[in-house]
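The values are calculated or read from the model by the stated rules, or taken from the named source; none is laboratory data. For clarity, every value in this text was computed on a predicted model and none was experimentally measured. Here Cβ is always computed from backbone atoms with ideal geometry, including for glycine, and neighbour counts include all displayed protein chains. When the accessible area is computed, the model is the full protein with side chains, heavy atoms only, and any ligands, DNA or RNA have been set aside. Shrake-Rupley method; radii C 1.70, N 1.55, O 1.52, S 1.80 Å.
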Amino acid sequence: MKFNKQDIEQALKTITVPGEGQNMIDSQAVKNIIVFGDEVIVDITIQNPSLQAKKRTEVDILKTIHEQVYEKAKITINVKVEA
C-alpha cells in the first residue's frame, strides 16, 4: 500500500497531546515526519515529563497510524520532552 506524509498528518490530527488541548499537528508538537516505503518516523516534542504521558503518546500514534493509514506500517517514534 502507498501512503505519504499527508496521510500521516491527517491521522495525527485526530490525536490530542497529553496535557494540552490541541491536536498533535496544530500544537506543533510533531516536529518531523519521514515516510520511506512502509516505514514511518515521527519526531514529537511534548511538555509533560511523566513516563505515562510519553508512553500514551507513543501508543496513541502507533494505534492511530495502524488503524487509519496502514495496518502493517513500521513506525519509529522519537519522543522528546521539553518541560
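Worth a mention:
- Subset of region 53-66 [free of Cβ contacts under 8 Å to residues at least 24 places away in the same chain and either touching a Pro at 6+ places or on another chain (Cβ under 9 Å) or of a type in the set (Asp, Glu) (or both)]: Glu58
- Per-region count, region 48-76, residues surrounded by fewer than 17 Cβ atoms within 10 Å (Cβ to Cβ) and outside any helix (DSSP H, G or I): 6
- Criterion violated by Glu9 - all others in (1) within 18 Å of Gln68 (Cα to Cα); (2) open to solvent by less than 40 Å² (accessible area, probe 1.4 Å) satisfied: (2)
- On the stretch given as region 33-47, residues that are assigned to a loop (DSSP other than H, G, I, E, B) and aromatic (Phe, Trp, Tyr) total 0.
- Subset tally (residues that are open to solvent by 40 Å² or more (accessible area, probe 1.4 Å) and closer than 18 Å to Val69 by Cβ) for region 26-47: 9
- Tabulated pairs, region 9-32, first assigned to a strand (DSSP E or B), second open to solvent by 80 Å² or more (accessible area, probe 1.4 Å), C-beta under 6 angstrom, 6+ apart or interchain: Asn23/Lys13
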